[in-house]
Amino acid sequence: MSDSTPLPTEPLVLDVWCELQCPDCRGALDDVRALRAHYGDRLEVRLRHFPLEKHKHAFAAAQAAEEAVEQGKGWPYVEAVLERVEELDRRGEPFLIEVARELGLDAEEFDTALIDGRHILIVDADQAEGKAIGVTGTPTYVIGGERLDGGKSQEGLRERVQEIADRLLSGRA
């Protein structure tokens, strides 16, 4: 191969199966931020929803995150909610709308989206796909067809994701 070979236009995809009421997902934020900073536009980090039944506000939070995506601030919203998991635990949907307002999003539209359920199909589809590929807890990462379970421990996961990403990205050049 010559040095003039064009770089791939499609970024490598890292799916992060997450639940916004999950303390372990809050712990994973630093890893996700570091990976995004390290790889830039060569890595697309995609939020995938996997609300767990034990967290009563998780399904609404997933829908709210989709509304934030719709309004152009998906990751900032997800990070803001995860940073305050305990508050979501205590306050539920009013907290989700408050975070939207804090980020300058259309809070009334958030409220309407939670009432009319316009994002339920996306959340349900993510959850079904997660179950189909063996996701049992959050956070779980999928990159290059490999599933890494962060629900048991975050230890060494960032390094493992980087190993896989480096291997896959080097094969594209």
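A few comments on the model shown:
- Accessible-area rank, largest first, for T112, T138: T112, T138, with all protein chains present and a 1.4 angstrom probe.
- Surface calculation, 1.4 Å probe, protein heavy atoms: R118 sits at approximately 100 Å² accessible.
- Residues with amide H under 5 Å from that of V13, placed H, sequence gap 5 or more: E44, G144
- The HN-Hα couplings worked out from phi for the range 133-147 by the Karplus form 6.51 cos²θ - 1.76 cosθ + 1.60 (θ = phi - 60°) are 9, x, 5, 10, x, 10, x, 10, 10, 10, 9, x, x, 9, 9 Hz, whole numbers, x standing for Gly and Pro.
- Of all DSSP beta bridges confined to the chain, the antiparallel ones make up roughly 55%.
- Computed over the alpha-carbon atoms, the chain gives an Rg to Rh ratio of 1.00, Rh here being the Kirkwood radius from the mean inverse distance.
- Accessible surface area normalised per residue over the range 114-173 is 55 Å², counting heavy atoms of protein chains with a 1.4 Å rolling probe.
The values are calculated or read from the model by the stated rules, or taken from the named source; none is laboratory data. These numbers were taken from a predicted model, which means no experiment stands behind them. Accessible surface is based on the protein model in full, side chains and every heavy atom, while ligands, DNA and RNA are left aside. Shrake-Rupley method; radii C 1.70, N 1.55, O 1.52, S 1.80 Å.
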